[in-house]
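Encoded as structure tokens, the structure appears first; notes follow it.
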Amino acid sequence: MTNNNKLRILYLCTGNSCRSQMAEAFTRHLKGDQIEALSAGVAPKGIDPRATKAMSEAGIDISHQGSKSLNQVIQGQFDYVVTLCDNAQKTCPSFPGKTGVIHVGFDDPPKLAATAQDEEEAMLHYRRVRDEIKAFVEMLPESLLDQGEHQDDFQAGIKAFLADLPADFTDMKED
């Protein structure tokens, strides 16, 4: 944890326009006493107006938030970087120190809304993802600690498996 004893989390998405903005806002609103939250995008493109509307319906104003690049938020160290989309997971850079990088993927509301028949149907996607993100944030910080432990267990299991392989296994060739 950082000096102020708050867990520092960076939510990372591609555009920092929707999911990461929602996660940042919910974290500040619901867990601000425990967690310092920031968000960024690997290719920021501005706040999605439907994300602003969906969050407003939940009683949280994100109209003042801005879409940020990694370079704008990278000062200091994070305890966790949480990637919220597959592209951010694939392009996530390495972070110094003991920063845990965890992927918690959510559907992309703008992509789902692209095939909507009308605005109300489009907003249904935003509301569903908003509510899923809220449920994730409500379980913080325990859910991050649990995922980190499982990730460590998985990595330890892989290392043990590889260590148990016969020494000549690497010399085997397929016919």
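In summary, helices (runs of 4 or more DSSP H) completely within region 58-175 and bearing 1 or more residues that are at pLDDT below 70 and within 19 Å of residue 35 (Cβ to Cβ) occur at 142-164.
Is it the case that some residue within region 91-103 is touching an Asp or Glu at 6+ places or on another chain (Cβ under 7 Å), under 18 Å from residue 130 (Cα atoms) and not hydroxyl-bearing (Ser, Thr, Tyr)? No: zero hits. Yes or no: region 12-21 includes at least one residue that is within 18 Å of residue 128 (Cβ to Cβ), part of a loop (DSSP other than H, G, I, E, B), at pLDDT 95 or above and under 14 Å from the mean Cα position of the chain (by Cα). Looking through region 12-21, at least one residue is within 18 Å of residue 128 (Cβ to Cβ), part of a loop (DSSP other than H, G, I, E, B), at pLDDT 95 or above and under 14 Å from the mean Cα position of the chain (by Cα). Determine whether residue 97 is out of contact with any Ser or Thr (no Cβ under 8 Å at 6 or more places or on another chain) and among the small types (Gly, Ala, Ser). Answer is yes for this residue. Mind listing whichever residues of region 27-53 are of a type outside the set (Asp, Glu) and touching a Pro at 6+ places or on another chain (Cβ under 9 Å)? Once the filter is applied, which keeps residues that are of a type outside the set (Asp, Glu) and touching a Pro at 6+ places or on another chain (Cβ under 9 Å), region 27-53 yields 31, 34, 35, 42, 50, 51.
Just to be sure before I move on: is residue 8 assigned to a helix (DSSP H, G or I), surrounded by fewer than 20 Cβ atoms within 10 Å (Cβ to Cβ) and either at pLDDT below 95 or out of contact with any helix residue (DSSP H, G or I) (no Cβ under 7 Å at 6 or more places or on another chain) (or both) in the structure I sent? So residue 8 fails the test.
The values are calculated or read from the model by the stated rules, or taken from the named source; none is laboratory data. Everything numeric in this text was worked out from a predicted model, so none of it was measured. Don't worry about glycine lacking a Cβ; one is built from the backbone with ideal geometry, like all the others, and counts go over all protein chains shown.
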